[in-house]
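For reference, the structure discussed in these notes is given below.
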Amino acid sequence: MDLGIAGRRAAVAAASRGLGRAVASTLVGEGVRVAICGRDRERIERTASEIGAIPLVADVASTEGALAFADAAREALGGIDILVPNAGGPPPGGFADIDDLSSYIRAFELNCLSAIAMCQAAVPAMRAQRWGRIVAITSLAVRQPNPALILSNTARAGLTGFLKTLAREVAADGVTVNSLQPGMHATERLRELYGEGMSDVAGGIPARALGNADDFGAVAAFLCSEPAKYVSGSAIAVDGAAYAGLL
């Protein structure tokens, strides 16, 4: 299938590895010019060299860093047609473990406000040109909260509400806004967390397998495509049937 996005310009945040890298790599393969960011200069430059993207050093854990990335990507690419907000997760813990509000504030900035800042930087030009794609990477914990991830549950749920509202506001301008909610994928981060226990994690998923990051990238690329122009305001689980609810 021709996705119809060759020559478009994409900014993919936090893409030095994992799902962000997979999305960026897939977009490059579709002929998109892609700028990616990460905090570590050596790592982001190595990734960019491997996949054919433009490396930018930025820390999107803050709104200032998120805006700096969006501004740098717009300058490097000449504009942003596709925006993929993405960031790492806050520390784990439940309500009893997180006893200071500052942890919630930091998590909200990391997993909600930073993405809003990137949208503020990119959406006006998308509306003006009457074409744009926003595909945020959030978490399955938005749909099915994990009791050990209260910070992520809270912040990413807030972002999902923002994205749904934004989608309705910009739909008539040719701009789509969606989010992907990944379940367990075989990434470096998961290996760091579970090590040899990754097979046990896979056994608890109905698909009996961990997700493949490249497959996730292909799903994201489709949402960025021309054929997906009527898909907007959706929060899509990519989880091997792990989510058990009807809606």
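The values are calculated or read from the model by the stated rules, or taken from the named source; none is laboratory data. Since this is a predicted model, take the numbers as computed values, not measurements. We place every Cβ from the backbone using ideal geometry, glycine too, and count neighbours over all the protein chains shown.
Identify, from the list Pro90, Pro85, the residue that is in contact with a helix residue (DSSP H, G or I) (Cβ under 9 Å, 6 or more places away or on another chain), buried (at least 21 other Cβ atoms within 10 Å of the Cβ) and modelled with pLDDT under 95. Give the derivation first.
Values: Pro85 fails: modelled with pLDDT under 95.
On inspection, the qualifying residue turns out to be Pro90.
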Number of positions in the stretch 199-230 that are over 24 Å from Ser16 (Cα atoms), buried (at least 17 other Cβ atoms within 10 Å of the Cβ) and at pLDDT 95 or above: 1
Looking only at the stretch 123-139, and only at residues there that are more than 18 Å from Ala15 (Cα to Cα) and surrounded by 21 or more Cβ atoms within 10 Å (Cβ to Cβ), the one that is farthest from the chain's Cα centre (by Cα): Met126
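So, in the stretch 143-173, how many residues would count as being in a helix (DSSP H, G or I), of a type outside the set (Val, Ile, Thr) and either under 23 Å from Pro91 (Cα atoms) or at pLDDT below 95 (or both)?
Step one: list which residues in the stretch 143-173 are in a helix (DSSP H, G or I), which gives 150-173.
Then keep just the ones that are of a type outside the set (Val, Ile, Thr); that gives 151-153, 155-159, 161-164, 166-169, 171-173.
Filter once more, keeping what is either under 23 Å from Pro91 (Cα atoms) or at pLDDT below 95 (or both): 151-153, 155-159, 161-162.
Of the residues in that region, 10 qualify.
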Every pair of residues 6+ apart whose Cβ atoms lie under 8 Å, when the first sits in the stretch 95-110 and is among the β-branched types (Val, Ile, Thr) while the second is surrounded by 15 or more Cβ atoms within 10 Å (Cβ to Cβ): Ile98/Tyr104; Ile98/Ile150; Ile98/Leu151
Scope the stretch 193-223; condition out of contact with any helix residue (DSSP H, G or I) (no Cβ under 7 Å at 6 or more places or on another chain) and assigned to a loop (DSSP other than H, G, I, E, B); matching residues: Gly204, Ile205, Pro206, Ala207, Asn212
Boolean, Phe108 is aromatic (Phe, Trp, Tyr), outside any helix (DSSP H, G or I) and at pLDDT 95 or above: no
Subset tally (residues that are in contact with a Leu (Cβ under 8 Å, 6 or more places away or on another chain) and small (Gly, Ala, Ser)) for the stretch 93-138: 9
Residue that is nearest to Ala141 (Cα to Cα) [pool: residues in the stretch 60-86 that are out of contact with any strand residue (DSSP E or B) (no Cβ under 8 Å at 6 or more places or on another chain) and hydrophobic (A, V, I, L, M, F, W, C)]: Ala61
Test: residue in the stretch 161-169 that is surrounded by 17 or more Cβ atoms within 10 Å (Cβ to Cβ), of a type in the set (Gly, Ala, Ser) and under 28 Å from Asp2 (Cβ atoms): yes
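Which of the following residues is of a type in the set (A, V, I, L, M), more than 30 Å from Ser102 (Cβ to Cβ) and touching a residue at least 24 places away in the same chain (Cβ under 8 Å): Ala155, Ala202, Ala171?
Selected residue: Ala171, the only one of Ala155, Ala202, Ala171 that is of a type in the set (A, V, I, L, M), more than 30 Å from Ser102 (Cβ to Cβ) and touching a residue at least 24 places away in the same chain (Cβ under 8 Å).
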